[in-house]
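S.K.: Quick one: this structure, given as structure tokens, is what I'll be asking you about.
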Amino acid sequence: MSATAKGGSSGSTPSSAASGSDSSDSKPSAVKERSVVLSELLGHIHGYYKAALERLPVEEMPALIPRLLDAGVCFGLMDPISNIIVNTVSEPLVQEEDGKSRKRKRGRDEAMSEIATDASCIRCLPPRMGRRDTSSERRRTVSVAQRSLEGLVTFLICYFRHLPVSEDLHYLLLTKADLLAAVHLIEYTRGIGGRLFPISFPTTEVALRCAAISASHPDPPTFAARSLSLASRLGDQPSSQILTDGCYLSLDAIHHLHEFLQEPLKDPPDSPRSVRQAALRLNHYIKGSSSLNKFPIEFTDTLRTLLLEKIHRSRGFPGMICADAITMASSRQGHCFGPANDPVSNIILNTIWYDTTFPPHEELKLDMICTKSLVRIECRSLNGLLAFLHNLFPALSEHDAMMYLFHSNASLEQVTFRAMCDHDISCSHEDAYKAAADAAWHPHPDAQAEFAVSTHPMLLPIDKPSLVVSRTLTSSEVELISRYFSQKSYPAKSVPSVPELVPRADKLVKRSQQDFMANQYFIRRKVKAALKRYAKEKVGTEYELHVICGTNFDVPENGRYGYFRNRKGFPYAHVNFLARPKGSQRDNTAPSLFFLECCNGEEDIGTLFSCCAELESPTDSGRCFHCEYKGTKIVHPAIGTYRGRETDFEEMSCGKRKIDNKGLIISEKMAIEFVGLSEDDTKPEDLELEEGDSRKGRSMGATAKGQVDVLLYSVRRYGTKIFFCSSNSLVIGDGLVFVHRWSCCYVLI
């Protein structure tokens with residue numbers, strides 16, 4: 001491929017460097033073929049290198065060319081051309097002897113011939129390095145343009161969750177391989193564009209290191225530190241301004257810039273200048289585009305995952321106001337659709353209504369909500385939302401329905417109004433709510449539908465009912481709402497008696513209950529000890545536990561596990577919990593969300609805590625490889641040190657882990673799409689099942705002649721990797737898998 005095929009003319013800005021490309025390339029209406037995308041991206045990158053070589057004094061300082069070919073990658077926290085110059089000049093400026101210099105001297109054209117890369121050379125993104133592969137060898141055999149593209153892709157997949165490589169390339173193409181502009185665009189598309197890119201967050205530094213490792217940079221830690229340092233001081237000194245002038249760089253300018261880049265960063269990087277400049281470049285790239293707020297239909301799976309994330313975040317608010325019984329009810333029937341205008345209010349009202357109308361057979365006071373229970377109700381809620389819209393607007397595709405829900409924060413009222421502009425309503429709201437309740441596996445869909453259409457939140461017997469979502473409900477207000485619901489009648493079938501379980505199934509349920517209570521007892525002691533230490537070392541205010549709302553016991557130490565003295569064989573656990581200051585009035589003080597990393601050992605219960613942090617919001621941007629792999633939706637702090645934040649992503653970025661980005665996404669999807677039974681379904685009446693109920697693929701109990709002990713779970717189907725079982729035989733029928741002589745299987749949907 002020619003070095004100038006798609007690079008355009010050289011110039012002083014990234015936009016001019018890529019100006020030779022056709023304007024339609026920057027605004028594709030659909031996802032292009034991978035080979036086409038790679039060719040166009042490499043064309044933009046070649047243009048940046050040509051522009052950088054035009055600005056560098058390679059005749060006076062020939063050593064700049066080998067430095068550029070070795071470490072002059074085009075990614076960083078500035079525009080691509082400035083990144084190339086900075087990464088080239090930052091390398092040691094050692095003068096070569098005259099003879100050696102003449103022997104190795106290369107001109108711009110020869111350098112471009114070594115930079116130019118054909119798309120067919122790229123087989124895997126990020127690259128998978130073998131055990132014998134070294135960074136120095138890859139720098140000799142792989143062009144800097146290809147390594148730059150590998151680094152661009154790696155940064156984005158290590159910074160953003162749920163980002164497949166195909167989508168990564170799509171956003172890079174829209175922004176002409178400009179890293180910060182791509183970050184802006186993804187955040188805007190995902191609905192988090194109201195903030196400036198947080199350069200100071202550790203996630204940024206980790207992603208920079210991962211990108212440098214993927215690109216076989218000679219010194220990834222130094223590269224990341226230098227990028228952050230330069231971004232924080234951009235424009236403050238004359239030495240940094242020469243990068244943005246767009247002029248030819250003299251030898252003196254190169255030396256001044258080199259000295260400037262060697263200065264260490266004294267304060268945390270917090271200057272927004274480079275981020276704002278990236279926003280201006282993004283405006284140039286996308287000006288005139290009309291579909292940037294839409295996900296291409298090829299990315300529907302990602303859209304569904306992000307929508308589930310929104311629903312999950314909305315569940316953080318009602319969890320702060322619920323008492324023990326109400327909290328447990330919210331994990332089962334607190335759907336986010338119903339009579340109110342917003343999902344949070346619906347979760348609260350559905351929870352109180354269901355607990356009032358269908359009280360549990362047995363009160364079980366718990367301090368911990370099973371993570372899978374929350375995931376289950378979120379998945380069922382989304383299924384209900386989509387069923388509501390499909391029945392109300394049959395012509396509305398599932399992809400468009402999810403787009404409506406995503407941009408309206410899952411508010412059915414807003415979605416209905418938007419859809420009415422383009423589609424006809426084909427049924428009553430009550431029928432649509434029945435379909436929603438049925439799709440969400442509600443045990444009483446008729447009653448749920450009647451409740452949704454007959455209840456007006458403004459008539460609730462509390463002060464300022466319209467503000468129920470924005471404040472903490474008091475216990476007395478919850479009682480008033482419950483009493484109000486108890487005075488109304490709703491159509492419902494009588495609750496069927498649960499059949500007596502066969503001995504093996506009964507034993508399984510009891511063992512599940514014992515395991516759950518043991519885990520609760522264990523983690524509750526850890527949390528209380530951590531709160532005491534947190535109060536002593538950091539804030540001075542003592543806290544009391546409200547509820548544990550997320551756990552992952554499967555956190556290894558540097559990829560190792562199997563410690564027989566630790567819970568489930570893993571040495572560490574990650575926990576989310578809600579706590580409020582001691583002595584505060586429970587009815588007026590909303591609990592705070594905390595993150596805890598603690599050891600899984602029984603000994604030293606009050607000492608081994610790696611990290612205990614109060615989180616500012618349910619959207620803190622810390623990532624964890626282990627929690628994402630398990631799909632536990634643990635919220636991690638944006639600033640802080642914990643296992644799973646750095647090393648695992650660095651190993652993934654160069655292919656040294658068995659689980660790559662695709663495997664991480666698939667594993668998390670399999671976990672978060674779970675809609676069946678969960679660990680804290682510890683009583684038969686929790687199962688909400690009728691024996692032999694194959695309509696929804698749910699059953700538990702004994703069969704008369706088959707002698708089959710059945711405990712059914714369900715998952716959303718992804719390809720053929722669908723179920724796990726351990727048994728002597730299988731019986732398949734009516735879409736179900738029954739396991740003989742065992743009690744574990746999955747329903748095939």
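Derivation of every value follows stated rules applied to the coordinates shown; laboratory data play no part. None of these values were measured; they are calculated from a predicted model. For neighbour counting, all protein chains shown are included, and Cβ atoms are generated from backbone atoms with ideal geometry for every residue, glycine included.
S.K.: Which net charge results when you count Lys and Arg as +1 and Asp and Glu as -1 among the other residues whose beta-carbon is under 15 Å from that of L280?
M.R.: Charge balance in the 15 Å sphere: +3.
S.K.: In nm, to one decimal, how far is the D301 label point from the E59 one, both placed 7 Å along Cα→Cβ?
M.R.: Placing both labels 7 Å along Cα→Cβ, they lie 5.4 nm apart.
S.K.: For H636, which sequence-distant residues (separation of 5 or more, or a different chain) have an amide H within less than 5 Å of its own amide H, given hydrogens modelled in the peptide plane?
M.R.: Placed amide hydrogens put G622 under 5 Å from H636.
S.K.: For the cross-link pairs K538/K582; K630/K662; K32/K656; K372/K528; K365/K528, which exceed 19 Å when the distance is taken from alpha carbon to alpha carbon?
M.R.: Beyond 19 Å: K32/K656; K372/K528.
S.K.: By count of other Cβ within 10 Å, fewest leading, how are V153, V375 ordered?
M.R.: Ascending number of Cβ neighbours within 10 Å: V375, V153.
S.K.: Something else about it: How high is the FRET efficiency from D219 to E110, r the C-beta distance, R0 22 Å, rounded to 0.05? Mind showing how you got there, number by number?
M.R.: Working: r = 26 Å, r/R0 = 1.19.
That pair, D219 with E110, gives E of 0.25.
S.K.: What is the sum of charges, Lys and Arg at +1 and Asp and Glu at -1, for the other residues whose Cβ falls under 13 Å from the Cβ of V165?
M.R.: -1
S.K.: In a shell of Cβ-Cβ distance under 14 Å around E542, excluding E542 itself, what net charge do Lys and Arg (+1) and Asp and Glu (-1) give?
M.R.: +4
S.K.: Within 10 Å, count the other beta carbons around each residue, average over each peptide in 512-525, 544-557, and list them highest first. Walk me through the intermediate numbers first.
M.R.: Values: 512-525: 16.0, 544-557: 21.1.
Ranked from most to least packed, the peptides come out as 544-557, 512-525.
S.K.: Please list, ordered by chain and number, the residues whose modelled amide H lies under 5 Å from the amide H of V547; skip anything fewer than 5 residues away on the same chain.
M.R.: L578
S.K.: Between I192 and S476, what length in nm is gained on full extension when 0.36 nm per residue of separation is reduced by their alpha carbon distance?
M.R.: Extra length from I192 to S476 when fully extended: 98.6 nm.
S.K.: Please report Y404, Y484 as a ranked list, fewest other C-beta atoms within 10 angstrom at the top and most at the bottom. Don't skip to the end; give the middle numbers.
M.R.: Details: Y404 22, Y484 17.
The order, fewest Cβ neighbours first, is Y484, Y404.
S.K.: What FRET efficiency comes out for the pair M420/S454, r = Cβ-Cβ distance, R0 = 25 Å, nearest 0.05? Spell out each step's value before the answer.
M.R.: Working: r = 22 Å, r/R0 = 0.88.
Once the sixth-power term is evaluated, E becomes 0.70.
S.K.: Over all directions, average the projected area of the Cα convex hull of the stretch 115-167 and note it in nm².
M.R.: Over every viewing direction, the Cα hull of the stretch 115-167 projects on average to 4.2 nm².
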